[in-house]
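Below is one structure; the comments refer to it alone.
The values are calculated or read from the model by the stated rules, or taken from the named source; none is laboratory data. Just so it is clear, the structure is predicted and the values come from calculations on it, not from any experiment. Cβ coordinates were reconstructed from backbone atoms using ideal geometry, including for glycine residues, and neighbour counts include every protein chain displayed.
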Amino acid sequence: MNAITPAAAERLVRVPLGERAYDILIGPGLIARAGREIAARLKGRKAAVITDENVAPRYLDALVASLEAAGIQAASLVLPAGEKTKSFEHLMTVCDAVLTARVERNDAVIALGGGVIGDLSGFAAGIVRRGVRFVQIPTSLLSQVDSSVGGKTGINTRHGKNLVGVFHQPDLVLADIDVLNTLSEREFRAGYAEVAKYGLIDKPDFFAWLETNWRDVFAGGAARIEAIAASCQAKSDVVVADERENGPRALLNLGHTFGHALEAATAYDSRRLVHGEGVAIGMVLAHEFSARLNLASPDDAKRVEAHLKAVGLPTRMGDIPGELPPAETLMDAIAQDKKVKSGKLTFILTRGIGQSFVADDVPSSEVLSFLKEKHP
Ligand SMILES: NC(=O)c1ccc[n+]([C@@H]2O[C@H](COP(=O)([O-])OP(=O)(O)OC[C@H]3O[C@@H](n4cnc5c(N)ncnc54)[C@H](O)[C@@H]3O)[C@@H](O)[C@H]2O)c1
Ligand SMILES: [Zn+2]
């Protein structure tokens with residue numbers, strides 16, 4: 001790939017949500033520039049930076065230095081890494097830290113981390129003083145292409161994932177692609193499943209581009225920026241069409257109904273399965289299930305599987321280490337998923353690559369016999 005200057009490489013995606021509109025900047029070196037970018041957009045000069053123990057030693061000092069150089073006084077809070085941090089207990093800790101830092105309405109909570117830190121800090125930003133400014137500095141691929149955009153925030157409870165939260169849009173998203181170099185390969189691949197998802201929802205050309213260019217996306221540089229920008233643009237389009245998920249935003253759940261059931265079946269044990277891996281298997285299942293219902297060609301399912309397999313993602317239930325509960329238990333998890341309306345199941349199905357749609361009348365008996373057939 002040709003060398004390109006950072007300025008030329010950078011991309012900006014604007015999320016046009018009226019008075020809640022915001023910019024997503026995607027490119028190298030953005031943490032070093034964060035202070036200037038934030039100071040240019042926000043009136044306040046105080047910030048509480050929330051991060052986790054994996055990200056802090058690598059990037060916290062650089063971010064704080066950048067904020068202070070721009071005249072923004074920064075306090076910071078380092079939390080344990082992992083899904084369990086999205087809890088009431090840690091929400092309290094974050095709210096307390098934000099208030100201790102005397103962050104007021106025009107000041108900012110800054111999330112520096114993956115989706116866990118983004119969801120938790122965004123929730124705190126949405127409720128402290130009934131809402132303070134919020135900046136996302138996503139550091140995982142998944143958070144750069146998905147969770148940092150769209151304003152869904154929240155925590156998990158013993159009743160399930162993401163069940164308590166608010167919609168609170170960020171004021172700015174800074175996706176610094178350099179930080180992805182320290183992400184584990186497995187986490188990078190998991191985030192890539194969500195990138196491929198945008199192609200499979202309604203962008204067949206993007207999916208074909210990924211089939212050709214995925215190695216460059218993994219390698220970094222211009223192709224990586226392009227893939228992240230295209231993903232943010234796709235997510236922005238869906239969010240603008242349906243900010244509060246009353247309709248088409250549900251398409252973003254392609255592969256997630258099966259995926260969430262597999263995550264529940266493995267007790268959210270990241271050693272066995274992480275979210276993006278569940279989504280990869282779920283997307284293959286969604287295409288196969290659509291073929292079984294004669295909606296799509298079985299060749300499309302094969303094509304999806306071939307690509308996800310090529311990048312190193314799991315594509316079959318049998319790829320998950322350890323034993324899975326029986327198909328009936330997976331079915332129960334699916335039925336408990338929120339996408340169930342009056343007995344019939346709501347599923348994201350497809351007519352082919354990039355032709356997904358919301359089906360709200362899928363008979364559960366069909367799903368069960370399909371799961372039995374696919375069960376390892
Ligand atoms: N709000 C939304 O719309 C939305 C959408 C999708 C997912 N989510 C949520 O996002 C969460 C998953 O996000 P995630 O995959 O980013 O998980 P995560 O935040 O747990 O990050 C994954 C791991 O990578 C580490 N990490 C992050 N950036 C790193 C870096 N640059 N270098 C080294 N290590 C790094 C983290 O410490 C963590 O161990 C889930 O809780 C999910 O529910 C939210
Ligand atoms: Zn997802």
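Details
- Pair list, Cβ under 6 Å, 6 or more apart: the stretch 265-281 residue of a type in the set (Ser, Thr, Tyr), other residue more than 9 Å from ligand 1 (Cβ to nearest atom) and assigned to a loop (DSSP other than H, G, I, E, B): THR266/ARG272; THR266/LEU273
- If you check ASP242, ASP299 for being outside the structural domain of GLY160 (by TED's automatic domain parsing), over 24 Å from the mean Cα position of the chain (by Cα) and more than 19 Å from LEU371 (Cα to Cα), only one passes: ASP299.
- Index of the failed condition, GLY160 passing every other in (1) among the small types (Gly, Ala, Ser); (2) more than 16 Å from ligand 2 (Cβ to nearest atom); (3) farther than 27 Å from ALA9 by Cβ: (2)
- Subset tally (residues that are touching a Lys or Arg at 6+ places or on another chain (Cβ under 6 Å) and within 16 Å of ligand 1 (Cβ to nearest atom)) for the stretch 260-306: 1
- Sub-6 Å Cβ pairs linking a first residue in the stretch 236-259 that is within 16 Å of ligand 2 (Cβ to nearest atom) to a second residue that is among the basic types (Lys, Arg) and assigned to a helix (DSSP H, G or I), at least 6 apart or interchain, are VAL238/ARG249; LEU254/LYS197, ordered by first then second residue.
- If the condition is being farther than 17 Å from HIS260 by Cα and of a type in the set (Lys, Arg), then the stretch 270-309 contributes ARG292, LYS302, ARG303, LYS309.
- One residue from ASP107, ASP119, ASP178, ASP96 being within 16 Å of ligand 2 (Cβ to nearest atom) and of a type outside the set (Val, Ile, Thr): ASP119
- Qualifying residue in the stretch 100-117 (condition: among the aliphatic types (A, V, I, L, M), part of a helix (DSSP H, G or I) and more than 7 Å from ligand 1 (Cβ to nearest atom)): no
- Qualifying residue in the stretch 161-172 (condition: more than 16 Å from the chain's Cα centre (by Cα) and of a type in the set (S, T, N, Q)): no
- In the stretch 170-191, the residue that is farthest from VAL135 (Cα to Cα) out of those that are within 11 Å of ligand 1 (Cβ to nearest atom) and β-branched (Val, Ile, Thr) is THR182.
Per-residue answers, yes or no, for (1) within 11 Å of ligand 1 (Cβ to nearest atom); (2) at pLDDT 95 or above; (3) of a type in the set (Gly, Ala, Ser):
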| residue | (1), (2), (3) |
| --- | --- |
| ARG130 | no, yes, no |
| VAL149 | yes, yes, no |
| ARG158 | no, no, no |
| HIS168 | yes, yes, no |
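- Filtering the stretch 260-279 to residues that are away from ligand 2 (no atom under 13 Å from the Cβ) and within 18 Å of LEU371 (Cα to Cα) leaves ALA261, ALA264, ALA265, THR266.
- When SER184, SER143 are screened for being within 14 Å of ligand 2 (Cβ to nearest atom) and either over 20 Å from ALA39 (Cα atoms) or surrounded by fewer than 22 Cβ atoms within 10 Å (Cβ to Cβ) (or both), only SER143 passes.
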